[in-house]
Amino acid sequence: MDTSAKPTAAAQDELATLDALLAQRDWWDQFYANRAKPVPFFGPEPDECLSGWLADGIVPRAGAALDIGCGNGRNAVLLARCGFAAEGIDYSQAAIEWAGQRVREAGVTVRLHHASVFDFDLAPDSYDLIYDSGCFHHMPPHRRDDYVRLVAAALRPGAWFGMACFRPEGGSGLSDDEVYERRTLGGGLGYTEARLREVWGDLFNIHELRQMRSQPAGSGLFGEAFLWALLAQKKG
Ligand SMILES: C[S@@+](CC[C@H](N)C(=O)[O-])C[C@H]1O[C@@H](n2cnc3c(N)ncnc32)[C@H](O)[C@@H]1O
């Protein structure tokens, strides 16, 4: 996979058409409008996998870290608390406003960006850790490979990528073709282990790929067994 390939103007037009077909940004703004909804990831708890990788020293706590699709900022706050120069990006205005509030309440510094990750100029080779909790499984199929290339390009060689994403039982069960036939991702796509290895394995060495550990109430961490926890290191 070539990380430097730039789409032609025709390819850009096609991407824009497909993006419009599966536009989700407004949906996310509505989703975040009621913060009292019983949504598991509306709490302040960071992901158990991210927390564990940092606590165990597998991922060094130093340098620049980016949380893609940061939502209300629960994982970005952890990154800042661990000493990273932390950033979060989300294309939902409502998410970014909530994240700003969480960051202020936590008394930490996180640079928040309101943009689609595809429209944002991520400096190449600049991050030591990129984390994605629940964003990749909302990527439409025509953006999937671009997303992997974008993440790889933004990381320094040898830097880390962590992700939580739907296992098959957590996702909508739609195939890529059905996504376009029905014009919806149906709430997010589930991935098999083999498919995740195929999608991420070209540009990354997969360090760990396991089921997320569901968490008992009061653990201070978020974990759901219908999610994968993936930790990978950029090749090169
Ligand atoms: C399931 S939510 C997870 C939020 C957060 N990571 C968490 O776990 O609490 C997925 C998030 O990804 C964001 N998102 C989806 N596609 C995006 C894109 N292309 N660029 C930036 N954010 C995106 C959505 O707005 C939403 O906030």
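Tabulated data for the structure shown
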{"quantity": "Members of the stretch 84-98 found to be out of contact with any His (no Cβ under 6 Å at 6 or more places or on another chain) and either near the ligand (Cβ under 9 Å from one of its atoms) or at pLDDT below 95 (or both), listed by number", "calculated": "GLY88, ASP90, TYR91, SER92, ALA94, ALA95"}
{"quantity": "Some residue of the stretch 167-190 being at negative phi, among the aliphatic types (A, V, I, L, M) and surrounded by fewer than 16 Cβ atoms within 10 Å (Cβ to Cβ)", "calculated": "no"}
{"quantity": "Lone qualifier among LEU54, LEU18, LEU78 - being within 12 Å of the ligand (Cβ to nearest atom) and either on the phi < 0 side of the Ramachandran plot or not small (Gly, Ala, Ser) (or both)", "calculated": "LEU78"}
{"quantity": "Selection within the stretch 93-131 - part of a loop (DSSP other than H, G, I, E, B) and of a type in the set (A, V, I, L, M)", "calculated": "VAL108, ALA115, VAL117, LEU122, ALA123"}
{"quantity": "Failed item, numbered, when TYR131 is tested on (1) more than 12 Å from the ligand (Cβ to nearest atom); (2) open to solvent by less than 30 Å² (accessible area, probe 1.4 Å); (3) of a type outside the set (Asp, Glu)", "calculated": "(1)"}
{"quantity": "Verdict on LEU196 being modelled with pLDDT of 95 or more, under 17 Å from the mean Cα position of the chain (by Cα) and either within 16 Å of the ligand (Cβ to nearest atom) or surrounded by fewer than 19 Cβ atoms within 10 Å (Cβ to Cβ) (or both)", "calculated": "no"}
{"quantity": "Some residue of the stretch 101-117 being open to solvent by 20 Å² or more (accessible area, probe 1.4 Å), closer than 19 Å to LEU230 by Cβ and either in contact with a helix residue (DSSP H, G or I) (Cβ under 9 Å, 6 or more places away or on another chain) or away from the ligand (no atom under 11 Å from the Cβ) (or both)", "calculated": "no"}
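Residue-wise test of (1) open to solvent by 20 Å² or more (accessible area, probe 1.4 Å); (2) out of contact with any Cys (no Cβ under 7 Å at 6 or more places or on another chain); (3) assigned to a helix (DSSP H, G or I).
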{"position": "ALA10", "(1), (2), (3)": "yes, yes, yes"}
{"position": "GLU14", "(1), (2), (3)": "yes, yes, yes"}
{"position": "ALA62", "(1), (2), (3)": "yes, yes, no"}
{"position": "LEU66", "(1), (2), (3)": "no, yes, no"}
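The values are calculated or read from the model by the stated rules, or taken from the named source; none is laboratory data. Note that the structure is predicted; figures quoted are calculated from it, not measured. Heads up, the Cβs are rebuilt from the backbone with ideal geometry, glycines too, and the neighbour counts pull from every protein chain shown. Ligands, DNA and RNA are excluded from the accessible area calculation, which covers all protein heavy atoms including side chains. Shrake-Rupley method; radii C 1.70, N 1.55, O 1.52, S 1.80 Å.
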